[in-house]
Structures are given as structure tokens and as C-alpha cells.
1. If you stretched the chain out fully between Ser33 and Glu71, how much longer would it get, using 0.36 nm times the residue separation minus the C-alpha to C-alpha distance?
2. With just the Cα atoms defining each centre, how far is segment 1-41 from segment 63-88? Give it in Å.
3. With a cut-off of at most 15 other beta carbons within 10 Å, and DSSP calling the residue loop, which GluC sites (Glu not before Pro) in the chain qualify? Please list them.
4. Distance from a point 7 Å along Cα→Cβ of Tyr45 to each backbone N in segment 23-39: keep the residues under 19 Å and list them by number.
5. Only four residue types carry charge here, +1 at the Cβ of Lys and Arg and -1 at the Cβ of Asp and Glu. Report the dipole size of the chain about the Cα centre in Debye, rounded to the nearest 20.
6. Would you mind checking which residues have amide H under 5 Å from Ala5's amide H? H placed 1.01 Å from N; only 5 or more apart, or other chain.
7. Over the chain, with a Gaussian network built from C-alpha contacts below 10 Å, which listed residue (Leu74, Leu15, Leu24) shows the highest mean-square fluctuation?
8. Note the direction-averaged projected area, equal to a quarter of the hull surface, for the Cα convex hull of the chain, in nm².
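Read the figures in this text as sums done on the coordinates, not as results from a lab. Since this is a predicted model, take the numbers as computed values, not measurements. No Cβ is skipped: glycine too gets one built from the backbone with ideal geometry, and neighbour counts run over all protein chains shown.
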Amino acid sequence: FVTIASGFKADNDALPIRADARVLATTLKAGESAEYAPDKSRHLYLVPAAGAVEINGVRVNARDGVAIRDEAQLKITALEDSELVLVDAA
């Protein structure tokens, strides 16, 4: 994942925002996987802009939004070539 906007000082290359949040994006080819390890107190919102993915065993299609919480680890596997946006917020 690439952080494109963030309210965290450590994310120097991201567009600064005034929120306890971060917006990330990635592209995955079919069969590729990405992992994300949020703090379990965080709330996540993931949307595949294109393609279809499986998130911890749950299929998510293009333009479906998924609210995620209480997960220590996300494993995202592309079922098709996919573009993803992930919001990590307090």
C-alpha cells in the first residue's frame, strides 16, 4: 500500500490532512496479495475501485465498500486485476 493522504507526522510523503486517519491505495494483479496490520482500535473502510478481491476470506467486488474493525491483520488477495482504496481512521 502507498499512503496518499495522512494525518500522521511519520507519513512525510503523503498529502497532509487534519485527522487521525490515513488514506492508502494499491493495485494488485490477479493472484497477488497485500497485507495490512492496523491497530485493533482502528476502523477501516476498503473499496475496490476496480476488480474483485478477497479480504480475510470474504469476497468484495468493485465499488463494494467494506467496513472493518477488530482485525489485527488483513490479507487481501486479488481475484482479478484490482485497484484498492483503504481508509484507516480512529
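1. 12.0 nm
2. Spelled out, the Cα-based centre of one part sits 12 Å from the other.
3. Details: sites: Glu32, Glu35, Glu54, Glu71, Glu80, Glu83; in loops: Glu32, Glu71, Glu80.
Hits after loop and neighbour filter: Glu32, Glu71, Glu80.
4. 23-26, 38-39
5. 220
6. Hits under the 5 Å cutoff: Leu15, Val23.
7. Checking each option, the largest mean-square fluctuation is seen for Leu15.
8. Mean projected area for the chain: 5.3 nm², to one decimal.
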